[in-house]
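Quick notes on the structure that follows.
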Amino acid sequence: GVEPRTVLITGSTDGIGRATARALAAAGMKVILHGRTKPKVDAVLEQLTGELPGAELEGISFDLGSQAAIRKGAAAILERIPHLHVLINNAGIFATERTLTDEGVELTFAVNHLAPFLITELLAERMITSAVDAPSRVINVSSIAHTRGRIHEDDLSLAKAFTGYAAYAQSKLANVMHAISLSEKHEASKLVAYSLHPGVIGTKLLRQGFGPVTGGSTESGATTSIRLAGAISVDDPSGTYFSDGSATPPSSTARDAKVREALWAAAVRLTHG
């Protein structure tokens, strides 16, 4: 038979990520679930295997707040998975207090931007060699909050002006910029990149960051990721940002090439690329 297309979804043990994983597995893709801890990943693997007999599911666990763990995790994926067609950078946090990772980076920026940046760099070559019938794709789950963000080039870890919201908005702006930069750096026949706002969805992150707001279902939040990952052909230009499913111009800041280049250089420096 034909090898199924393979997708890795970070942060897929709950929320939008889990809904995305379930739908893509049900549609016949091979899904690699990711979470921070092995017990959580194993539990979700077991649940989904029970719900979807015959689905092709695998699990991997590593902490996105640690670059050493990301490197180990990516190496394990490359060892286990001969082809990778889609990477969905879905995991995200909202931190109300400023904490630094072991590498000295503010946690929101580390998990929400440097992790997707580093994972993409580590897996890009495998994705490009996997792009036989259609381009492979990187999908960054961003947020409409990116429109309120700015890249604090001299203080990415917000030592001077930390608020949870400023850190979150900066990281979500970085996700949009990352997709645009990837679109410029890669041949669109081999690798395309997108970013998206999933809608205001009732997830753990929404409760932590935004209080008692009612959000939509996680299924509705997964719609754009499911469509972009599952479609065989690519109809939208690489670098496109989607809001609630529609291609939408991102903020003017996101389109600032100078700031994007500075952000890329900083990410390379901070991940010792």
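The values are calculated or read from the model by the stated rules, or taken from the named source; none is laboratory data. Since the model is a prediction, treat every value here as computed from it, not as a measurement. Here Cβ is always computed from backbone atoms with ideal geometry, including for glycine, and neighbour counts include all displayed protein chains. Calculation scope for accessible area: heavy atoms of the full protein, side chains included, ligands and nucleic acids excluded. Shrake-Rupley method; radii C 1.70, N 1.55, O 1.52, S 1.80 Å.
Loop-located GluC sites (Glu not before Pro) in the stretch 91-149 (DSSP state other than H, G, I, E, B) with a sparse environment of at most 11 neighbouring Cβ atoms within 10 Å: E97. Ligands, DNA and RNA left out, the accessible area of the chain computed with a 1.4 Å probe is 53% carbon and sulfur. If both residues of a DSSP beta bridge must be in the chain, then about 10% of such bridges are antiparallel. Summarising the strand pairing of the stretch 99-236, around 10 percent of its internal DSSP beta bridges are antiparallel. Hey, what angle do you get for helix 115-130 against the long axis of the chain, alpha-carbon based, 0 to 90 degrees rounded to 10? In the chain, helix 115-130 runs at an angle near 40 degrees to the longest axis. Both radii are taken from the alpha-carbon atoms of the chain; with Rh as the Kirkwood radius, Rg/Rh is 0.93. Charged side chains reduced to their Cβ positions (Lys and Arg at +1, Asp and Glu at -1) give the stretch 126-196 a dipole of some 160 debye around its Cα centre. When you restrict to C-alpha pairs under 8 Å that are six or more residues apart and normalise by the size of the stretch 129-181, the relative contact order lands at 47 percent. Annotation: per residue accessible area for the stretch 146-273 equals 48 Å², rounded to a whole number [probe 1.4 Å, protein chains only].
Note: relative contact order over the stretch 1-125, using C-alpha pairs below 8 Å and six or more positions apart, is 26 percent.
Using a cutoff of 8 angstrom between alpha carbon atoms and counting only pairs six or more residues apart, the relative contact order for the stretch 95-228 works out to 28 percent.
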